[in-house]
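Working notes for the structure below.
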Amino acid sequence: MAEKKNLLQRLAEGQIWTSIFRGGGVPKSRRQRMMVVLNSVFLHLHPVRLPKHAVKLKFTWCMGGLSFFIFLILTISGILLMFYYRPTIEYAYTDIIDLAEQVPFGIMREIHRWGAHAMVITVWLHMFRVFMTGSYKPPREFNWAIGVVLLLLTLLLSFTGYLLPWDQLAIWAIAVGSNMARATPFLGHEGPGAALLAIGDINFVTVASDVRFALIGGRFLGEATLLRFYVLHCIGLPFVIMIFMAVHFWRIRKDGGISTPV
Amino acid sequence: MEGFKHLIDVLAKPTILVTFTFVIFFFIFPPSDWFDKWHRRLKFDALWGKKSLIIITGLLIAFFVFGLGDPDFRSIVLKPDNVPISGLIFLVFFFTWLSMSQAYKNDELQEAGKPVDEHYDAPNDKVLVWPDLVYVELISLVLCSAFFLLWSIGLAAPLEEPANPSESPNPAKAPWYFLGLQEMLVYFDPWMAGVVLPSLIILGLMAIPYLDNNPEGAGYYSYKNRKLSIAIFMFGWLVLWVLLIVIGTFLRGPNWNFFGPFEYWDSHKVEALTNVNLSEFIYVKWMGTGLPGNILLREIWGIIITLGYFMVLPPLLAKTWLKDMYAKLGVARYSIFIVLIISALTLPIKMYLRWMFNLKYIISIPEYFFNF
Amino acid sequence: MPEATEKKTATIAPSSPPPAALGKADDGSGVTRRSFFSWISIGWLAFVTATGGFFTMMLRFFFPNVLFEPIQTFRAGSPDEYQAGEVDLRWKGKFGVWIVRDDEGIYALSTVCTHLGCTPNWLAAEQKFKCPCHGSGFRKTGINFEGPAPRPLERYRIVLADDGQIIVDKTKKYQQEKGQWGDPEAFLKV
Ligand code: HEM
Ligand code: FES
C-alpha cells in the first residue's frame, strides 16, 4: 500500500460500488462526469451538457422541475393515504379525521393537500415562464400543447381529490362542478341542443344518460360518485398524466433541449 | 384607520376595481407603440426596476400585516384553503417583475446592439449537468421538502362538517383554482361558463404557438419585439385569471354578494338585483307591447346582435382597425385569433351590461336551455 | 424537392401495372389487384367496427342497468298541516322538497337551484329563496327574478292518496317555462 486511502475512496473503488455506478471512483474528470449522467437511467433524463443560462434559477425559475418534484411528493403521500382511507360515504369522513388523529405523524394529509395547491401554482408559473421566454415558438409548439394538457390534468386531479373527504366543502364544490356537465351542449340533459337528439317522444339525452351521469355515476351525488372520483383520482388520471409527462420530457430533449436565443 | 379601511372597501367594489384595472392595464403592458409612448411618459417602466420591487413588496406586506389587525380581514385571509392564494398574490407579482425586468434589460441590450443576457457561444459556453445542474436540483428538492414539512406542521388541512346534501354552505365556493370560472357563472349560463368558455381557454392556450407567427424573442426574455402577444397573454393571465380568482376568494361572501376586504360578512345584506333579459327590455320597457309568444320573434333582436358580433365584426375589423394584423397573420390564423379574442371579450362586456343595466341574457330561450 | 419527386416516380413505376392488367392475376398467387383492394377495405372496415364496438362497450360500461338510489315518492301528511302563505321546510332535509300553500292550494317545489344545483335558503323576512352559490333569487312561487338562474324552480307531482294524505312524487316534474304548472297534478287544490 503505497498510498493510504480513506474509507470513502476504498468504498468507491470496491466491487459493489463499481457494479452499481459504472466508471468507478468519485467523478472528477470531465469524462467521468459525463459518464455519470449517461449511465444513470434517472439522470439520463438530462442531456450531458447544457447552455449556461439554462442552469440559472432566474431563467427557468425551476418551475417545471418543481412541478415534477411536487408530483412525486403527491404520489408518495397519496399512496400512504390510501392505506387508511376507504371511499364510502360511511367511512370517508371519519377516515380523514383518523388520518390526523390516530395515525402517527398525522400530517400526511396536510402534505398531500398543500402539495396539491402548490402544484397548481407551480404549473401556472411554469407556463408563465415558458410564455415569457417565448419558448413555445418553433420547434417547441407541440410541447407547449402537451403542456396545456398537463395543466388540464393537474386541475382535474386536484378537482377529483377535492371530493374525497366527503365534507360540506367537498360535495358542494363537486355539486356545482358536475352540474356544469349537465349543461354541456348536446351531451348534457339541460344543455342547448339536447332536446334535438330525440325521436318523437323518446329523449336520448336524459338525466340518466348524459355526461353528468357518466361522471357521477347516478342522478344524484352519492356512493357511486365517491367511488368514481376515487378511481379517477388515484389511478386513472395519475396514469394519464404520467404518460403525458414522459412525452413532455422526451420532447424537451428532442426539440433541442432548453430553449436558447438563436 | 377606519376611514382607510372604508376607502379600501369602496375601491374593492368590482365595478371600480375592474374598471380601474382595465383602464390602467395597457399602459402598464403596452400592446402598441402608442401605448408604449404613454407607458414611458407615465413612468410605468420604472415598475420593473429594483426599487419598485422592494417598495411594492413592502407595501403588499404592510397591507397584509395591517389587515390582519382587522377581524373580518383576518377570518377570510387565514382560512386554510385561502392561504395559498395570498401566497399566489406575492408569487405572481414577484415573477411578473422578474420576467419583465429581465425582458427590459434584454431590450436595452438589443437596442445597444449587444447580445442578450441568455446569449451563449455554443459549444464553449456549455456546462456539465453533473455537477452544475444536479446540485441546483438537489438544493431545490431539499428546500421544497422542508417547506412542505413546515407548512404541513404549521397549518392543518381544512375539514368542514360532514357532507349534507340538503344544506349548502353560504357562500358555497368551488376549489380556489376554479373561482375564476365561478365568477363567470354569475354572468353566463352554465353551458357557456362551464363548458364552452373553459374549452375555448384550453384550445386557445394550445393554439398560441400556432397563432403567434412572430419569430422574434424565442428563448430569451424580451418585450419590445413581442408587445402585442405579451400584452394579450398578460391580460388573460393577470386579469381574467388571477384577478378573478382573487375576487372570488376574498370579495365574494354570503349569497355570493360582494364584500370589501374589511366588511363584515352579513348573510342578510340585501342587494336588489332584478335582472332583465334583452327581449324584456325591448318589448316590455321600450315598446310596451309585452313579450310576443313566438320564440323567434321574441329573441330576434338578441340573435341579430349576437350574429353581428361574431360574424360581422371580425371581417369588419380585418378591413379597418386590424388591417396590418390581418395581413401579417393570413386568413386562417386571423379568423381563429379574432374568434378567440372576441369570445374572451364577451366576459367583460357582459359584466358591464349587468352592472349598468342589470341585463341578464342577450338571447334567452329557457325552453331549449339556450341562454346567452 | 426534385429529389423527392424522382424518388416517388421511381418507387411507383415498377409496381403499377399497365391499365390492361387491371383485374388480372399478375403474380400467379390468385390475388388480383382489385380483390386485393377489396380485402384491404374489408380488413379496415372490420378493424374500425371492432374498435368502435370496443369503445362503445367501454362507454356503455359507465351506465349501469340498476341504480341504488333513495325512494322518490313520499307521503307528506294531510293538507291541513300546512298554513296558507307559508313555506314548509320539514321535507327539505330528507327529500329535497318545499311544500308551499297559498290561497288556492298546495304545490311541491324542488330545492335544487336551476342554476347549478345548490340548495337555496328560504329567507322569510325577504319572502324569497336565495341561493348561496351564485346568488340566484326565487319568489315563493319558484319564479326566478335575480341572479344567474336561467329558469324557475321545478315543481313535483302532488296528489291526494285515498286516506287523504298528500303524496309527493319526485319522478315527475313540471316546468313553468314549458307551461306545465297548470297541469292538474302540478298543483293540489284545497
Ligand atoms: C405537470 C406539469 C408540468 C411539468 C411537470 C413540466 C415539466 C417541465 C420541465 C422539468 C421542463 C424543463 C424546463 C423548466 O423547468 O422550465 C419543462 C419545459 C417546458 N414546458 Fe413543461 N411542465 C409541466 C407543464 C407545462 C405547461 C402547463 C406548459 C405550457 C402550457 C409547459 C410547456 C413547456 C415547454 C414549452 C417547455 C420547454 C421550455 C424551454 O425549452 O425553454 N409545461 N417542463
Ligand atoms: S347554483 Fe344556485 S345560483 Fe348557482
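The values are calculated or read from the model by the stated rules, or taken from the named source; none is laboratory data. Predicted model only: the values in this text are computed from it and were never measured. Methodologically, a virtual Cβ is constructed for each residue, glycine included, from the backbone with ideal geometry; neighbour enumeration extends over all protein chains shown. Side chains included, ligands, DNA and RNA excluded: accessible areas come from the protein's heavy atoms. Shrake-Rupley method; radii C 1.70, N 1.55, O 1.52, S 1.80 Å.
If you scan the stretch C:154-171, which residues turn out to be assigned to a strand (DSSP E or B) and out of contact with any Phe, Trp or Tyr (no Cβ under 9 Å at 6 or more places or on another chain)?
Answer for the stretch C:154-171, where residues must be assigned to a strand (DSSP E or B) and out of contact with any Phe, Trp or Tyr (no Cβ under 9 Å at 6 or more places or on another chain): C:Val159, C:Leu160.
Within the set of pairs 6 or more residues apart or between chains, which connect a residue that is without any contact (Cβ under 8 Å) to a residue 24 or more places away in the chain inside the stretch C:32-44 to a residue that is assigned to a helix (DSSP H, G or I) with Cβ atoms less than 9 Å apart?
C:Arg33/C:Ala21
In the stretch B:81-133, which residue that is among the hydrophobic types (A, V, I, L, M, F, W, C), over 22 Å from A:Ser135 (Cα atoms) and more than 7 Å from chain A (Cβ to nearest Cβ) is surrounded by the fewest Cβ atoms within 10 Å (Cβ to Cβ)?
Per the criteria, the residue is B:Ala112.
Are any residues in the stretch C:120-129 surrounded by 24 or more Cβ atoms within 10 Å (Cβ to Cβ) and either facing chain B (nearest Cβ under 8 Å) or near ligand 2 (Cβ under 6 Å from one of its atoms) (or both), and if so, which ones?
Scanning the stretch C:120-129 gives a single hit, C:Pro120.
Inspect all residues belonging to the stretch A:212-233 and state whether any of them is within 16 Å of ligand 1 (Cβ to nearest atom) and in contact (Cβ under 8 Å) with a residue 12 or more places away in the chain.
Scanning the stretch A:212-233, I find at least one residue that is within 16 Å of ligand 1 (Cβ to nearest atom) and in contact (Cβ under 8 Å) with a residue 12 or more places away in the chain, so the answer is yes.
All but one of (1) open to solvent by less than 20 Å² (accessible area, probe 1.4 Å); (2) within 7 Å of chain B (Cβ to nearest Cβ); (3) closer than 22 Å to B:Trp191 by Cα hold for A:Leu153, so report the exception by its number.
It is condition (2) that A:Leu153 fails.
Of everything in the stretch B:177-200 that's hydrophobic (A, V, I, L, M, F, W, C) and open to solvent by less than 10 Å² (accessible area, probe 1.4 Å), which residue is farthest from the chain's Cα centre (by Cα)?
Filtering first and then ranking leaves B:Phe188.
Counting only residues that are open to solvent by less than 40 Å² (accessible area, probe 1.4 Å) and under 15 Å from A:Gly161 (Cβ atoms), which one in the stretch A:231-262 is nearest to ligand 2 (Cβ to nearest atom)?
Filtering the stretch A:231-262 for residues that are open to solvent by less than 40 Å² (accessible area, probe 1.4 Å) and under 15 Å from A:Gly161 (Cβ atoms), the one nearest to ligand 2 (Cβ to nearest atom) comes out as A:His233.
So that you can scan it fast, the table gives a plain yes or no per residue for (1) in a helix (DSSP H, G or I); (2) surrounded by fewer than 14 Cβ atoms within 10 Å (Cβ to Cβ); (3) within 16 Å of ligand 2 (Cβ to nearest atom); (4) not hydroxyl-bearing (Ser, Thr, Tyr):
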| residue | (1), (2), (3), (4) |
| --- | --- |
| C:Val100 | no, no, no, yes |
| C:Asp103 | no, yes, no, yes |
| C:Ile106 | no, no, no, yes |
| C:Thr114 | no, no, yes, no |
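Yes or no, residue by residue, for (1) outside any loop (DSSP other than H, G, I, E, B); (2) more than 7 Å from chain B (Cβ to nearest Cβ):
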| residue | (1), (2) |
| --- | --- |
| A:Pro87 | no, yes |
| A:Thr94 | yes, yes |
| A:Val103 | no, yes |
| A:Ala116 | yes, yes |
| A:Val123 | yes, yes |
| A:Gly134 | no, no |
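Among the listed residues B:Asn294, B:Asn275, which satisfies the condition of being within 11 Å of chain C (Cβ to nearest Cβ) and either out of contact with any Cys (no Cβ under 7 Å at 6 or more places or on another chain) or surrounded by 14 or more Cβ atoms within 10 Å (Cβ to Cβ) (or both)?
Of the residues listed, the single one that is within 11 Å of chain C (Cβ to nearest Cβ) and either out of contact with any Cys (no Cβ under 7 Å at 6 or more places or on another chain) or surrounded by 14 or more Cβ atoms within 10 Å (Cβ to Cβ) (or both) is B:Asn275.
Here is a check on your reading of the model: is A:Val41 open to solvent by 20 Å² or more (accessible area, probe 1.4 Å) and not in a helix (DSSP H, G or I)?
Here the answer is yes, as A:Val41 does meet what is asked.
Here are some residues: B:Trp176, B:Trp151. Which one is closer than 22 Å to A:Thr154 by Cα and more than 7 Å from every other protein chain (Cβ to nearest Cβ)?
B:Trp176
Taking the stretch B:30-80, which residues are surrounded by 13 or more Cβ atoms within 10 Å (Cβ to Cβ) and of a type in the set (Asp, Glu)?
Within the stretch B:30-80, B:Asp36, B:Asp45, B:Asp70, B:Asp72 qualify.
Take the residues in the stretch B:212-236 that are more than 10 Å from every other protein chain (Cβ to nearest Cβ) and among the aliphatic types (A, V, I, L, M); name whichever of them is surrounded by the fewest Cβ atoms within 10 Å (Cβ to Cβ).
Restricting to residues being more than 10 Å from every other protein chain (Cβ to nearest Cβ) and among the aliphatic types (A, V, I, L, M), the top hit is B:Leu228.
Given (1) in contact with a Ser or Thr (Cβ under 6 Å, 6 or more places away or on another chain); (2) open to solvent by less than 30 Å² (accessible area, probe 1.4 Å); (3) facing another protein chain (nearest Cβ under 9 Å), where does A:Ile107 come up short, assuming only one miss?
(2)
Return the pair list, or none, for Cβ contacts closer than 7 Å from residues in the stretch A:136-159 that are assigned to a helix (DSSP H, G or I) to residues that are away from ligand 2 (no atom under 16 Å from the Cβ) and charged (D, E, K, R), at least 6 apart or on different chains.
A:Phe142/A:Arg251; A:Asn143/A:Arg251; A:Asn143/A:Asp255; A:Ile146/A:Arg251
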